[in-house]
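The values are calculated or read from the model by the stated rules, or taken from the named source; none is laboratory data. Only a predicted model underlies this, so the values are computations on that prediction, with no experimental measurement involved. FYI the Cβ positions are ideal-geometry reconstructions off the backbone, even for glycines, and counts take in every protein chain you see.
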Amino acid sequence: MAVRITVVGSLNMDMVVRVPRLPRPGETVIGSDFRTIPGGKGANQAVAAARLGAQTSMVGRVGRDDFGRLLLDNLAAAQVDHRFVRQDPGAPTGVAFIEVDDAGKNSIVVASGANARLTPADVDIAAATITAASALLLQLEIPLETVARAAAVAHAAGVKVILNPAPARPLPAELLALVDVLVPNESETEILTGLPVGSQAEAERAALTLLEAGVGAVVLTLGERGALLAQDGRTQTFPAFEVKPADVTAAGDAFLAGFAVALAEGKPLAEAVRWGNAAGALATTKLGAQPSLPTRQEVERLLAEGVTRPVPTGKG
Ligand code: RIB
C-alpha cells in the first residue's frame, strides 16, 4: 500500500526565462524562451512525492485567480489531494521569477502573495490529514508560526517531521526540537550556521553544528558533491549521480520527496539519502520545476544503473 505524505507549504507560478548568464546588480541581459511553469517549494515536493508513488496531500493557499486555478488543476493532475489548499480572495497567487543560465544554474525571487497568509488555523483544519501521514514535509516559504504549528501537530502524533529550511532564516530552538530530519543545501547551511561548506571538512563541521542545534539528523545537499548525512555525532557522504544538468530548479525539492518517500516506506536513512540523490539528479536534467520531477520508475532505474561522481575526500 502507498505510504502517506503531507506537505504544508507554498505554491507559486514560476516565470522562467533562459539567460546566457545571470545578470550582475544593475545589469540588463537579454533572455529567451519565457515560460510560466507550476512551482513553489511545497507544491513541487508534493507533486514529486506523488510521482514517486506516495499518497500525497497538500496544505497551502493560492489566490482566487487564474494562476491559483492552474496550480490546483496541476495538483489534481498529479493526483495530489488539494482539499486543504484554500483559494484566498485577499491576495494573489504566489509567483517566482527564475533565471536559468547556460550551465543550468538559477536565481530565484519569490513574491509570496497568498502563501504568506497560510495560518496555524489552516494547519489545525488539516490536522487529521497531517497525523494520518507517515511523514510531514515543510519548507520556509510560508509563515514560520505556521511551520511551527504543523511540526508540533505531526510530532505529537509520531509523524516524521522533515524540514527543508529554504529560503534560510534563523530557526527557534523549540522548532528544531520537533524536527526529525533537517535538509538544507549549501547556501542555507552557511546562513544557518555562519560556517563555510566549500570543502568536505567544512561541510562535515557545519552539518555537525546543525545536528547539535537539536534536530534528529541532518542531510546536507551539496549538488554535484552529493549529500552528507549527520547522525549520532557522525557523518557519512553519499556521491551524486552523474547526469547532464539543464536546470537545477526544483532539484532540492525532488531530493526532499525522494528522501521522504523512502523514509516513509521504512528504508534506512542512508538508503533514503540515495533515493534523494537519484530524484534530485533526475530533476536537473529537464527545464522547470514540476515538469522536471521524476517518476518512481526513473528513480529506481538510476539507483540500479546510474554512475556516481567520485566521492570528495575529507581534506581541503
Ligand atoms: O525550489 C524551486 C522553487 O523555488 C521554484 O519552483 C519557485 O517557485 C521557488 O519556490
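Data overview
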quantity	calculated
Within segment 54-69, considering residues that are over 17 Å from the mean Cα position of the chain (by Cα) and either more than 16 Å from the ligand (Cβ to nearest atom) or outside any strand (DSSP E or B) (or both), the one surrounded by the most Cβ atoms within 10 Å (Cβ to Cβ)	Gly68
Pairs, first under 16 Å from Leu222 (Cβ atoms) in segment 305-316, second modelled with pLDDT of 80 or more and of a type in the set (A, V, I, L, M), C-beta under 7 Å, six or more apart	Thr308/Ala240; Arg309/Ala240; Gly314/Ala201; Lys315/Ala201; Gly316/Ala201
Total residues in segment 287-316, condition modelled with pLDDT under 95 and of a type in the set (D, E, K, R)	3
Top-ranked residue of segment 235-250 - restricted to ones that are away from the ligand (no atom under 16 Å from the Cβ) and aliphatic (A, V, I, L, M), ranked as farthest from the chain's Cα centre (by Cα)	Val243
1 or more residues among the hydroxyl-bearing types (Ser, Thr, Tyr) and under 29 Å from Pro20 (Cα atoms): qualifying strands (runs of 3 or more DSSP E) within segment 70-138	106-111
